[in-house]
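The values are calculated or read from the model by the stated rules, or taken from the named source; none is laboratory data. Treat the numbers as computed from the prediction; the structure is a model and nothing was measured. Cβ sites come from the backbone with ideal geometry, for glycine too, and all protein chains shown count toward neighbours. Calculation scope for accessible area: heavy atoms of the full protein, side chains included, ligands and nucleic acids excluded. Shrake-Rupley method; radii C 1.70, N 1.55, O 1.52, S 1.80 Å.
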Amino acid sequence: MPQGTYHFPKGFLWGTATAAHQVEGNNTNNNWWKWERDGHTDGSAAVAADWWGGRWREDFDRAAEAGQNAHRLSVEWSRIQPTPDTWDEEALEKYRAMLRGLKERGLTPMVTLHHFTDPLWLGNYGSWETEAVVPLFEKFVRKTVDALKEYCSLWCTINEPTGYALNGYVTTGVDSFPPGKNNMKLAMQVHANLIRGHAASYRAIHLLQPEARVGIAHQYRPMMPYHTWSPLDRLLTNAFNTTVNSFALTLADGVMRSPLGSIKIPEAKGTQDYFGFNYYTREYVTFDLRHASTLFGRHFYRKDVELSDDGFLAMEPDGMYEGLKWVVRTFPNLPILVTENGVNSADDSMRPRYTVQHIHQMWRAVNFNWPIKGYFHWSLVDNFEWSFGWKYRFGLWGLDVDTQKRIKRPSADLYAEICKENGISSEMVQKYCPESFEKLFPS
Ligand code: FCB
């Protein structure tokens, strides 16, 4: 049986990612809390993983013991700025303690400044639908970065702007986000304002902290033509890719392309010091007369592919490699961080092979000398999965929400071995997911 280890470069960051609303609990002053109360989600975040109550300590201990050397978390705007004219210094102090907690445990902090949630008061200013949000967001960013910069220099301004705009303003199904509108034109405006908010913050952060590294966490979800021979499938695939993946290009040339036309945002050009890459799955697109609302294009997972719990994600690890290739070609020489990757697998049956195979694809990319600097697994501990509530479990550690007890899944040990080895060995694969052995170590 072949033996060996796929090693990563020295200094590679290995961590997990979380987001404030999903782990903190009791974020009563934001739009998601209201959305949950209005019955749009499967349950409520409630106390979540109780990080605001202090349980971040035990979870950071676990991360550190498991050999992780970085952690990506987000701060909650509605806590830091509970009204347009007030700052909550205690909340900032708590975040400072958390970041200090990471440093003391040897974990490099990465802070996301906006991860899907908005303070309720932002609604009075039109949320992200008008440009009025740009100076408001920038003001929050300045205050927060100034307070936290002693402990952090790696910033993500906005998590998945495309997800925010499309889920909130186009999607109407079970996975929709607040405000639950269905207006593509407005979605594009919202998206443009998120990018404007990012660009303004990028500059503001660099003024406060010249050594800062600032970027966005882009969701990358490749769309492939189902019938490669079909011009229609290829055309529709292009339209879907433009809608889902091409917004990142705005940071390359200052033009935001959409199926409804382009919007010029020149100030966004060149405003990222790394490319934040969130990858979960890949989809296929075909012409289908029954799908008039999506330009007669139907998008779906391949039939012969393994699906996660409830069919939420398809296991498409080489889509990760293809996505990284797209990033390298589009943004040559820009460092890349895999800011999220993971799977909902409550019984952990799928997570070990999902994790190993995706990290292996990242290793292939690293071996072309593509500048990939770190990987953040989603997630450290089960957390509130937006519309799907507690139904989807993404944690290396499981969570009993009522008792707050953490339950270690085998994947936590597997990921610990990967972090400590700075690579994937044949022994690990044999131990945790022997069914993937032949794929990674063919005889
Ligand atoms: C990403 C989100 C993250 C989490 C994962 C599963 O799109 O950024 O908050 O919900 O999906």
Flagged in the stretch 3-36 as open to solvent by less than 50 Å² (accessible area, probe 1.4 Å) and in a helix (DSSP H, G or I), in numbering order, are A20, H21, Q22, V23, N31, W32, W33, W35, E36
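Here is a check on your reading of the model: is A248 within 16 Å of the ligand (Cβ to nearest atom), open to solvent by less than 10 Å² (accessible area, probe 1.4 Å), in contact (Cβ under 8 Å) with a residue 40 or more places away in the chain and of a type outside the set (D, E, K, R)?
Yes, satisfied.
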The stretch 327-359: number of residues that are under 25 Å from T108 (Cβ atoms), in contact with a Leu (Cβ under 9 Å, 6 or more places away or on another chain) and not small (G, A, S): 11
Residues located in the stretch 213-247, provided they are small (G, A, S) and either farther than 20 Å from T339 by Cβ or over 20 Å from the mean Cα position of the chain (by Cα) (or both): S230, A239
Against the conditions (1) touching a strand residue (DSSP E or B) at 6+ places or on another chain (Cβ under 9 Å); (2) away from the ligand (no atom under 16 Å from the Cβ); (3) closer than 20 Å to T28 by Cα, where does L92 fall short? Just the number, please. (1)
Restricting the first residue to the stretch 98-110 and requiring it to be under 18 Å from G54 (Cα atoms), which pairs with a second residue that is in a helix (DSSP H, G or I) and open to solvent by 50 Å² or more (accessible area, probe 1.4 Å) meet a Cβ separation below 9 Å and a spacing of at least six or different chains? M98/R57; G101/R57; R105/D61; R105/E65; P109/K103
If I filter the stretch 95-125 down to residues being within 16 Å of the ligand (Cβ to nearest atom) and not aromatic (F, W, Y), which single residue comes out as nearest to C156 (Cα to Cα)? T112
Determine which single condition F137 fails, assuming it passes every other condition in (1) open to solvent by less than 30 Å² (accessible area, probe 1.4 Å); (2) assigned to a loop (DSSP other than H, G, I, E, B); (3) under 26 Å from I265 (Cα atoms). (2)
Looking at F376, F384, which one is within 16 Å of the ligand (Cβ to nearest atom), among the aromatic types (F, W, Y) and assigned to a loop (DSSP other than H, G, I, E, B)? F384
Looking at the stretch 27-56, I want the residues that are within 20 Å of W121 (Cα to Cα) and have a partner that is surrounded by fewer than 21 Cβ atoms within 10 Å (Cβ to Cβ) and modelled with pLDDT under 95 with Cβ atoms under 8 Å, at least 6 apart or on another chain. Which pairs are those? E36/G43
Of the residues in the stretch 333-347, those that are away from the ligand (no atom under 16 Å from the Cβ), modelled with pLDDT of 95 or more and either open to solvent by 10 Å² or more (accessible area, probe 1.4 Å) or touching a Cys at 6+ places or on another chain (Cβ under 8 Å) (or both) come to L334, P335, D347
Name every residue in the stretch 293-329 that is open to solvent by 40 Å² or more (accessible area, probe 1.4 Å) and outside any loop (DSSP other than H, G, I, E, B), in order of residue number. S293, T294, R298, H299, L307, D309, D310, D318, E322, K325, W326, R329
Name every residue in the stretch 173-200 that is of a type in the set (V, I, T) and under 25 Å from W155 (Cβ atoms), in order of residue number. V190, I195
Only one of T281, T242 that is farther than 18 Å from A192 by Cα, open to solvent by less than 50 Å² (accessible area, probe 1.4 Å) and among the β-branched types (V, I, T): T281
Kindly evaluate E131 against the criterion of being within 20 Å of the chain's Cα centre (by Cα) and closer than 29 Å to D253 by Cα. no
If I filter the stretch 98-132 down to residues being assigned to a helix (DSSP H, G or I) and open to solvent by less than 30 Å² (accessible area, probe 1.4 Å), which single residue comes out as farthest from G374 (Cα to Cα)? W121
Apart from one, (1) farther than 14 Å from N278 by Cα; (2) under 18 Å from the mean Cα position of the chain (by Cα) all hold for T330; the odd one out is (2)
How many residues does the stretch 205-223 hold that are in contact with a Gly (Cβ under 8 Å, 6 or more places away or on another chain) and either open to solvent by 90 Å² or more (accessible area, probe 1.4 Å) or away from the ligand (no atom under 16 Å from the Cβ) (or both)? 0
Could you tell me which residue of the stretch 310-341 is nearest to N245 (Cα to Cα), considering only residues that are without any contact (Cβ under 8 Å) to a residue 12 or more places away in the chain and not charged (D, E, K, R)? P332
